[in-house]
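The values are calculated or read from the model by the stated rules, or taken from the named source; none is laboratory data. Note that this is a predicted model, so its numbers are computed, not measured. Note: ideal-geometry Cβ built from the backbone for every residue, glycine included; neighbour counts use all protein chains shown. Side chains included, ligands, DNA and RNA excluded: accessible areas come from the protein's heavy atoms. Shrake-Rupley method; radii C 1.70, N 1.55, O 1.52, S 1.80 Å.
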Amino acid sequence: MKPVVKIGGSLLRTAEDFIKAAKFLTSFDPPVVVVSAIKGVTDMLLELEKTRSYLMYEEVLHRHLAVARLLGVEEEVAPLLKELEAALRLPRSEWAQDHFASFGERLSATILHAVLRRLGAEAKLFTAPIVTDSAFGNATPLRLEYKEEIATPGVTAVVTGFIGRDREGRFTTVGRGGSDYTATYVGKEIGARKVALVTDAPGVMTADPREVEDAAVLPLLSIQEAIEAAKAGAKNFHPRTFLPVLETGNMAVEVRSYHSRGTLIANIYPPPPYKIVTRCGQSSCVVGLSAYELTKLGGTPLGRYSAKINIPPRQVHEFLIKPYIKYIK
């Protein structure tokens, strides 16, 4: 069965980034690739929907044209940019924000698809193949269209992340960070055994490395721990990312960079007892098999494998997580 690979927006900024992503994908048996918007573009599009500013539109236009021209794929993105210009005249409505936001993934997926084809890969583009309800901004997937075509061996299926369509054909979004969720949902629907979430981070870290210098990459994490880590704000996972993984029972998720195999998240319960600390206001949220035990020290339970304690993340990492780092590297 085809693997699913999500390419995060942090890896898509320049023309060279798209070439790098395409070359990385050709190292696999042809996968399903779920594509995020170019870094920062979704915020620009949401602002564009609010302001309907032509100057803002031109900023989005030039950002994508600069990439497309260097790659020789300007003709492929031109129709979408004209469609975005026309959207400036759309009435304000409950669906308008999602409609504008959809252009980020539609443009980046179109560019990556074209680059793959130019590198000689057999690839097919699928724009918003997920049918959702009409809860704009936080839609729930209902079914995957073109399932057999997406799962066809030997062809790289390029799928837009983050977005779907409701039953009336209007674009919807599944929430910020939703490309991860798109990837696991598509993986579940086609029976994939593994979904790789590729970002600029080497994997799931024991803490935010900007706050804790000696944070390390976790090689293994259980699905339940990952779900509770997502709710606590770790790694900026979409809170629903791992629900499709739970539903299948036999699908694993690999959080990795281009150069690191990163963290494998599966239906396993590996040590150590404390794995992740995130900042929760002035306190810390701790995730791990023994996190509930922290309630004996005055912590507040957040879930079966997470708790909140009134100690700064750096100290939590030093005394609860760091002693185990040498065993998990």
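When you go through 184, 172 one by one, which is the residue that is modelled with pLDDT of 95 or more, within 25 Å of residue 43 (Cα to Cα), in contact with a strand residue (DSSP E or B) (Cβ under 6 Å, 6 or more places away or on another chain) and not in a strand (DSSP E or B)?
The match here is 184.
Pairs only if they're at least six apart or on different chains, beta carbon under 6 angstrom, first in region 165-193 and polar (S, T, N, Q), second at pLDDT below 95 and not in a helix (DSSP H, G or I); list them, first residue then second.
Pairs found: 184/241.
Which ones in region 1-27 are open to solvent by 60 Å² or more (accessible area, probe 1.4 Å) and either in contact with a Cys (Cβ under 9 Å, 6 or more places away or on another chain) or not β-branched (Val, Ile, Thr) (or both)?
Residues satisfying the conditions are 1, 13, 16, 20, 23, 27.
Just name the residue that is nearest to the chain's Cα centre (by Cα) out of those in region 272-311 that are part of a helix (DSSP H, G or I), aliphatic (A, V, I, L, M) and surrounded by 14 or more Cβ atoms within 10 Å (Cβ to Cβ).
Our first condition is that a residue be part of a helix (DSSP H, G or I); within region 272-311, this holds for 291-297.
Still in the running and aliphatic (A, V, I, L, M): 291, 294, 297.
Right, trim to surrounded by 14 or more Cβ atoms within 10 Å (Cβ to Cβ) and you get 291, 294.
Working: 291: 26, 294: 31 Å.
Once the filter is applied, the top-ranked residue is 291.
Output the number of residues of region 128-169 satisfying the condition of being under 15 Å from the mean Cα position of the chain (by Cα) and not in a loop (DSSP other than H, G, I, E, B).
Adding up the residues that qualify gives 5.
Any residue in region 107-127 that is open to solvent by less than 20 Å² (accessible area, probe 1.4 Å) and part of a helix (DSSP H, G or I) sitting within a Cβ distance under 6 Å of a residue that is at pLDDT 95 or above and polar (S, T, N, Q)? List the pairs, counting only those 6 or more apart or interchain.
Note: pairs meeting the criteria are 109/160; 116/156.
Which members of region 28-57 meet the condition of being closer than 21 Å to residue 164 by Cα, open to solvent by less than 20 Å² (accessible area, probe 1.4 Å) and free of Cβ contacts under 8 Å to residues at least 40 places away in the same chain?
none
Out of all the residues in region 189-222, which are within 18 Å of residue 306 (Cβ to Cβ), open to solvent by 10 Å² or more (accessible area, probe 1.4 Å) and not in a loop (DSSP other than H, G, I, E, B)?
Within region 189-222, 205, 220 meet the criteria.
For region 312-329, which residues satisfy the criterion of being in a loop (DSSP other than H, G, I, E, B) and open to solvent by 80 Å² or more (accessible area, probe 1.4 Å)?
Within region 312-329, just 329 meets the criteria.
Looking at region 35-65, which of its residues are under 13 Å from residue 104 (Cβ atoms) and not in a helix (DSSP H, G or I)?
Within region 35-65, 35, 36, 37, 38, 39, 40 qualify.
Of the residues in region 234-265, how many are under 15 Å from the mean Cα position of the chain (by Cα) and either open to solvent by 40 Å² or more (accessible area, probe 1.4 Å) or of a type in the set (Lys, Arg) (or both)?
Total meeting the criteria: 6.
Where the second residue is in a helix (DSSP H, G or I) and at pLDDT 95 or above and the first is open to solvent by 30 Å² or more (accessible area, probe 1.4 Å) and acidic (Asp, Glu) and lies in region 59-80, which pairs have Cβ atoms under 6 Å and are six or more apart or on separate chains?
These pairs meet every condition: 74/68; 76/110; 76/114.
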